[in-house]
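Read through the structure below, which is laid out as structure tokens, and then see the notes.
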Amino acid sequence: MVRAISPLFAIGSAMNYRHAYHAGNFADVMKHAILTLVVESLKRKETPFFALDTHAGIGAYDLASVAADKTGEFRDGIAKILAAPQCPEEMTPYLTLVRQWNSSGELRHYPGSPEVVRGLMRPQDRLALVELHPEDVEVLRHRFSGDRRVGVHHMDGYMAAKGLLPPPERRGLVLIDPPFEVRDEIEQLCKALARVLKLWRTGTYLVWYPIKGREPIDRFHAEIAAAGGPNTLAAELLIRPTDDPFRLNGCGLLLVNPPWKLAQSLEILLPWLAETLAPGRGGYRLESLIGE
Ligand SMILES: C[S@@+](CC[C@H](N)C(=O)[O-])C[C@H]1O[C@@H](n2cnc3c(N)ncnc32)[C@H](O)[C@@H]1O
């Protein structure tokens, strides 16, 4: 298991992971900052886009909650970013959103991936949110009721693609952000990615993964590369060296069919994030796994 179990909510549920404990941490910052860049690039064309979030969570988080306070992870994530004296232009769409959520100037609310996408999408765009946890999906339904652009689905995110892809819009993104609670999550991910790519080869896919030791990640990348497929980038942020394989030392985002020039933006964004979030000990990697 990579991410922490959240014991407050574990009783009576087979699904223990609760994102409320981790909202706004370094991994969210990296994932959501890159997500905003992908959405902004889709908006360069007037034609509508479709976004699918296969593991949506509850949409937004209260950083003053017991859960967020218990781990305090946001203090080493979004709080550090907001305190930075300067930031690159690549952070603008993300930071503008986070500031809109905290208009009093005090950091209290954090938008999850569903609200990140909703905050940037236009009237013609569509968003599908998939969540398996029965309570979380109800929170999502309530939050997005009345927004006709957004559909909420209670099902297994890995299975959702079947009914939803390829979208009629023929352009858009899929965010796959599982909790990594099960041992074979990477295996499930690789299989799911192969399946969805068969359904929709031209979509942009963002696949989040945790980094503890280096070796399993190198194997994961080799597997993705061996499977063949579209142009794929692996963007990684390390908050410390990977010598201790039992800690969460960083995270990565696989970007399948990344938008034009995203790699150049990441060359600026990733080192800045590493230096801001983990000065003197952080690092980053940007690797092209497959070229068409
Ligand atoms: C890492 S969190 C998602 C965070 C969210 N994407 C964000 O960035 O704000 C993972 C979520 O996946 C949900 N989940 C776990 N297994 C799932 C599955 N098989 N299908 C869909 N959702 C699942 C969990 O309940 C949890 O809310």
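The values are calculated or read from the model by the stated rules, or taken from the named source; none is laboratory data. Bear in mind that the values here come from a model prediction, so they are computed numbers and not experimental data. Please note: Cβ atoms are built from the backbone with ideal geometry, for glycine as well, and neighbour counts cover all protein chains shown. Heavy atoms of the whole protein, side chains included, go into the accessibility calculation; ligands, DNA and RNA do not. Shrake-Rupley method; radii C 1.70, N 1.55, O 1.52, S 1.80 Å.
Considered as a group, the residues in region 116-133 that are within 14 Å of the ligand (Cβ to nearest atom) and not in a helix (DSSP H, G or I) include one that is farthest from F50 (Cα to Cα), and that residue is H133. Taking every residue in region 230-246 that is within 14 Å of L277 (Cβ to Cβ) and pairing it with any residue that is among the hydroxyl-bearing types (S, T, Y) and open to solvent by 30 Å² or more (accessible area, probe 1.4 Å), at least 6 positions away or on another chain, the pairs with Cβ-Cβ distances below 7 Å are E236/Y284; L237/Y284; L238/Y284. Here E169 passes the criteria (1) in a loop (DSSP other than H, G, I, E, B); (2) more than 10 Å from the ligand (Cβ to nearest atom); (3) open to solvent by less than 30 Å² (accessible area, probe 1.4 Å) except the one numbered (3). With the condition kept exactly as written, say whether any residue in region 134-143 is touching a His at 6+ places or on another chain (Cβ under 8 Å), part of a helix (DSSP H, G or I) and open to solvent by 70 Å² or more (accessible area, probe 1.4 Å). Within region 134-143, one or more residues are touching a His at 6+ places or on another chain (Cβ under 8 Å), part of a helix (DSSP H, G or I) and open to solvent by 70 Å² or more (accessible area, probe 1.4 Å).
Checked against the criterion of being over 19 Å from the mean Cα position of the chain (by Cα) and part of a loop (DSSP other than H, G, I, E, B), region 214-222 contains not a single residue that satisfies it.
Residue-by-condition table, conditions (1) modelled with pLDDT under 95; (2) crowded, with 16+ Cβ neighbours inside 10 Å; (3) not in a loop (DSSP other than H, G, I, E, B):
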{"site": "A235", "(1), (2), (3)": "no, yes, yes"}
{"site": "P245", "(1), (2), (3)": "yes, no, no"}
{"site": "L255", "(1), (2), (3)": "no, yes, yes"}
{"site": "L266", "(1), (2), (3)": "no, yes, yes"}
{"site": "R281", "(1), (2), (3)": "no, no, no"}
{"site": "L289", "(1), (2), (3)": "yes, yes, yes"}
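Of all the listed residues (V182, V207, V150), the sole one being within 16 Å of the ligand (Cβ to nearest atom) and touching a Phe, Trp or Tyr at 6+ places or on another chain (Cβ under 9 Å) is V150. Among the residues of region 192-212, the ones that are open to solvent by 10 Å² or more (accessible area, probe 1.4 Å) and among the small types (G, A, S) come to 1 in all.
Among residues that are farther than 28 Å from F220 by Cα, at pLDDT 95 or above and open to solvent by less than 30 Å² (accessible area, probe 1.4 Å), D177 is not included. Working carefully through the options A79, A83, A68, A51, find the one that is hydrophobic (A, V, I, L, M, F, W, C), farther than 27 Å from P258 by Cβ, buried (at least 22 other Cβ atoms within 10 Å of the Cβ) and away from the ligand (no atom under 11 Å from the Cβ). Being hydrophobic (A, V, I, L, M, F, W, C), farther than 27 Å from P258 by Cβ, buried (at least 22 other Cβ atoms within 10 Å of the Cβ) and away from the ligand (no atom under 11 Å from the Cβ) holds for just one of A79, A83, A68, A51, which is A68. Within region 139-154, is there a residue that is modelled with pLDDT under 95, over 19 Å from T36 (Cα atoms) and of a type in the set (S, T, N, Q)? No, every residue in region 139-154 fails to be modelled with pLDDT under 95, over 19 Å from T36 (Cα atoms) and of a type in the set (S, T, N, Q).
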